[in-house]
Amino acid sequence: MPARAHVKEQADAFERFGAQWTPTVLLLDADGTERHRFEGYLPVPDFLAQLKLGLAHAAKARGDWTDAERRYREVSNEPSAAEPAAEALYWAGVSKYKASGDPAALASTAQAFQTRFTDSSWAKKASVWSG
Amino acid sequence: MEINWQRDIDAALREAKQSGRPLLLDFTAAPM
């Protein structure tokens, strides 16, 4: 469900949600809890990837690890949105581990980062899972 | 595809809660 607040007409909404810049986009789950936020203009593929990442975060917050992993995998395979894709690859590994309890899920994620998104902060975070 | 933006944030929050659907909230300076 999409809702929009304008900086000149709804300054109180900006204050209420801590929006300090435009555009700021929030993804809230059904109970109104913020699950994802991004600021600044993005090209359409990146924008859509960020929305999908937010829905994956919402699934993670529900503890629905199977749905979260599926959503994260989808974002991680977005060829034109490297930044959210790298984050999604990390959380896909976490979700698989949380669903299975198998640490191999983390090790295989660390291995994947050796060839994908190698310069990202997410690759560094996953490096601790190697070996 | 045209997006039907809800302009009343509190109404949008209520509707999200009632429907169980997530809410996309866009803070903008673009003409509306």
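A few remarks follow.
- Filtered residue count, segment A:11-21, keeping only those that are over 20 Å from the mean Cα position of the chain (by Cα) and within 7 Å of chain B (Cβ to nearest Cβ): 2
- Filter result for A:Q50 (in contact with a Pro (Cβ under 7 Å, 6 or more places away or on another chain) and either farther than 12 Å from B:D26 by Cα or surrounded by fewer than 18 Cβ atoms within 10 Å (Cβ to Cβ) (or both)): yes
- Residue under evaluation A:E74, criteria (1) buried (at least 18 other Cβ atoms within 10 Å of the Cβ); (2) within 14 Å of the chain's Cα centre (by Cα); (3) away from chain B (no Cβ under 11 Å); (4) modelled with pLDDT of 95 or more, criterion not met: (1)
- Pairing each residue of segment A:66-89 that is touching a residue at least 12 places away in the same chain (Cβ under 8 Å) and outside any helix (DSSP H, G or I) with any residue that is crowded, with 17+ Cβ neighbours inside 10 Å and hydrophobic (A, V, I, L, M, F, W, C), provided the two are 6+ apart or on different chains, yields C-beta distances under 7 Å for A:E78/A:A49; A:E78/A:A85; A:A81/A:A49.
- Matching residues, segment B:2-32, being assigned to a loop (DSSP other than H, G, I, E, B), more than 7 Å from every other protein chain (Cβ to nearest Cβ) and among the aliphatic types (A, V, I, L, M): B:A30
- Annotation for segment A:106-116: at least one member residue is among the hydrophobic types (A, V, I, L, M, F, W, C), crowded, with 22+ Cβ neighbours inside 10 Å and either free of Cβ contacts under 8 Å to residues at least 60 places away in the same chain or outside any helix (DSSP H, G or I) (or both).
- When residues of segment A:26-40 are limited to those that are touching a Pro at 6+ places or on another chain (Cβ under 8 Å) and surrounded by fewer than 16 Cβ atoms within 10 Å (Cβ to Cβ), the one farthest from the other protein chains (Cβ to nearest Cβ): A:G40
The values are calculated or read from the model by the stated rules, or taken from the named source; none is laboratory data. Keep in mind the model is a prediction, meaning the values are calculated, not measured. All Cβ positions, glycine included, derive from the backbone under ideal geometry; neighbour counts span all protein chains shown.
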